[in-house]
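Where a number appears in this text, it was derived from the coordinates with a stated rule and is not lab data. Just so you know, these numbers come straight off a predicted model, no measurement behind them. So basically every Cβ, Gly included, is an ideal-geometry build from the backbone, and we count neighbours across all protein chains shown.
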Amino acid sequence: MKPAAPRLKLAAVVLVLVAAHFALRPRLFPSRFAPDFVLVALLFFAIRSRPGAGAVAGFLVGLLTDAVAPTTFGATAIALTIVGYAAGWLKAVVFADNLLVTAVFVFAASWVRDLLELVASNALRSGSLGTQLLLQSPASALSTAAAAVVALLLFRGWLRSAPAL
Amino acid sequence: MTIGAERYGTRADTVVFLVCLVLSLVALALPEALRTPLAAGLRRTVLLPAVAVESQAASSREHRQNILALRAQRDSLALAATQVPELQAENAQLRALLQLRGRLATGFVTAEVLHQAGLTDGLTLLLSAGRDEGIVPLSPVVSPNGLLGMVMAVDVHTSVVMAWTHPDFRVSAMVRGGKIFGVVASRRGETAGEVMELRGVAYRDSLPPGTPVVTSGLGGVFPRGIPLGTVQGMLSESAGWERTYLLRPAAHPAQASHVLVLSASVAGEEMEPAFDTMPGRSDTATAEAPSVRR
């Protein structure tokens with residue numbers, strides 16, 4: 001097998017997840033707690049990359065996300081830069097093809113992303129911050145984690161062979 | 001399998017991370033004049049295919065829902081077919097009584113709301129219609145239940161709406177009948193973004209719970225008479241000066257899937273009759289205004 005093939009497989013999985021985010025998500029899921037396929041793609045990439053690559057990917061994804069919801073332009077970029085870097089750094093302790101560990105990892109990343117974005121944007125305060133972080137963010141993180149598990153089940157063979165970038 | 005246990009971050013990774021972090025902070029600190037064109041540029045270029053796919057997906061979902069609704073309506077209509085002449089006559093009488101002039105027959109553009117995954121969805125909304133569909137900045141955006149916000153940026157086929165939940169949003173408001181005026185904004189604090197507050201009501205005026213509040217038309221952006229919400233109670237008062245009231249919103253941006261963007265041609269019109277006859281209007285909003293004490 002050529003060395004580039006596993007990377008292409010990882011890229012294909014990422015592309016499928018990004019396509020699902022824009023094509024599948026609006027058709028099937030209610031908006032508020034819909035799974036964030038782009039975050040799953042970012043984490044799948046970051047966990048198989050160097051921390052620097054994860055940070056760059058997080059920054060770019062965050063910037064593009066901010067562009068379609070420009071309430072606080074830059075807040076998502078900050079959050080995803082940190083999440084991408086941390087995912088790349090934490091890969092040493094993450095069993096990337098274990099379903100339970102992946103679900104917990106994605107759940108935690110989604111919740112931390114929300115926390116960082118809230119802090120960076122300063123869009124919500126006091127009581128609503130608690131509601132967001134204790135009720136809405138966990139629900140959203142749960143659906144994202146479920147999506148990650150399904151994606152891992154579907155593409156486990158391809159992702160297992162993906163090397164570090 | 002443990003992936004890359006031997007590959008902790010190097011100094012180069014840390015530098016890259018810090019550069020990305022600084023760039024993110026710079027983006028966050030950009031002034032509005034730079035931030036808006038930058039975001040619009042990304043939407044027009046890199047994000048154009050993604051937004052187009054998402055727009056198509058949203059339309060597809062809506063069409064599917066419409067088909068189900070149409071089937072139900074068709075079945076109901078088949079049953080009610082025998083009563084059509086009577087219904088037509090009754091309808092004509094009601095139209096005459098209400099003096100409905102079909103104010104929304106023209107002067108608006110329909111659009112789907114492309115909800116995003118981020119936390120700020122609901123503060124701003126991305127719509128599937130833009131400049132080519134006739135949308136211009138500052139256009140009011142409404143749902144059948146009431147005001148949702150106004151257009152803040154327009155691209156070729158998309159536009160960004162500042163919803164009333166946005167911290168910077170303000171609209172001049174009045175109690176139905178135009179006797180009492182104030183300014184409506186989203187409620188900041190414990191219930192931020194979920195409810196509104198009506199500020200600047202003169203101290204001599206007291207609004208009982210259930211009083212409908214609509215746009216006043218002052219300022220020339222929002223037409224007069226678009227429902228905003230109903231009074232839930234008084235929040236605060238500055239003795240001898242003004243009162244602030246809590247409002248339950250007529251329409252919530254996070255729940256909107258399909259909206260109407262009003263054109264500038266209707267900015268000076270009275271919209272109240274149109275909303276009185278729209279389907280799906282909440283009971284609280286259509287209810288007769290309780291008496292207002294002055």
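Extending 7 Å from the Cα toward the beta-carbon at both B:LEU30 and A:ASN122 defines two label points whose distance is 1.9 nm.
In this entry, the range B:131-234 is assigned a mean projected area of 7.0 nm², taken as a quarter of its C-alpha convex hull surface. Taken over the alpha carbons of chain A as equal point scatterers, the Debye sum produces base-10 log I(q)/I(0) values at 0.09, 0.15, 0.16, 0.20 Å⁻¹ of -0.27, -0.78, -0.89, -1.39.
Note on the range A:1-73: Cα Rg divided by 2.2 N^0.38 Å, N the number of residues, gives 1.23. Within the listed set A:SER140, A:SER49, A:SER121, the Gaussian network model of chain A (springs between alpha-carbon atoms below 10 Å) gives the highest mean-square fluctuation for A:SER121. Among A:ALA20, A:ALA145, A:ALA77, the largest mean-square fluctuation in a Gaussian network model of chain A (Cα springs under 10 Å) belongs to A:ALA20. All Cα-Cα separations within the range B:196-254 were binned at 10 Å from zero, giving a P(r) of 24, 48, 27, 2, each value a whole percent of the pairs. Axis angle, to the nearest 10 degrees, between helix A:99-121 and the longest C-alpha principal axis of chain A: 40 degrees. The phi torsions of the range A:57-64, fed into the Karplus equation with coefficients 6.51, -1.76 and 1.60 and a -60° offset, translate into couplings of 4, x, 4, 5, 4, x, 5, 5 Hz, rounded to whole numbers, with Gly and Pro shown as x. Proximity of backbone amide H atoms, modeled 1.01 Å from N, is registered between B:LEU247 and B:MET196, B:GLU197, B:LEU198, B:GLN232 at under 5 Å, excluding neighbours fewer than 5 places apart on the same chain.
Couplings 3J(HN,Hα) of the range B:210-217, computed from phi: x, 5, x, 10, 10, 5, 8, x Hz, in residue order, whole Hz [Karplus 6.51 cos²θ - 1.76 cosθ + 1.60, θ = phi - 60°; x for Gly and Pro].
For the residues of B:42-52, the average number of beta carbons from a partner chain within 10 Å of their own beta carbon is 3.
Build a GNM of chain A with springs between Cα atoms under 10 Å apart, and of A:PHE37, A:PHE105, A:PHE22 the one that fluctuates most is A:PHE22. Among the residues of B:24-31, the average count of other protein chain beta-carbon atoms within 10 Å of the residue beta-carbon is 6.
Here's how it looks for B:THR211: its modeled amide H is under 5 Å from those of B:VAL231, which are all 5 or more places away or on a different chain.
For B:THR158, the amide hydrogen comes within under 5 Å of the amide hydrogens of B:GLY130, B:ARG131, counting only partners 5 or more places away or on other chains and with H modelled in the peptide plane.
In terms of surrounding Cβ atoms within a 10 Å radius of their Cβ, B:TYR203, A:TYR85 rank from fewest to most as B:TYR203, A:TYR85.
I'd like the mean, over residues of A:15-22, of how many other protein chain beta carbons sit within 10 Å of each residue's own Cβ.
Mean shielding by partner chains, rounded to a whole number: 3.
Residue exposure proxy: B:ASP155, A:ASP36, B:ASP132, A:ASP66, ordered by other Cβ atoms within 10 angstrom of their Cβ from fewest to most, comes out as B:ASP132, B:ASP155, A:ASP36, A:ASP66.
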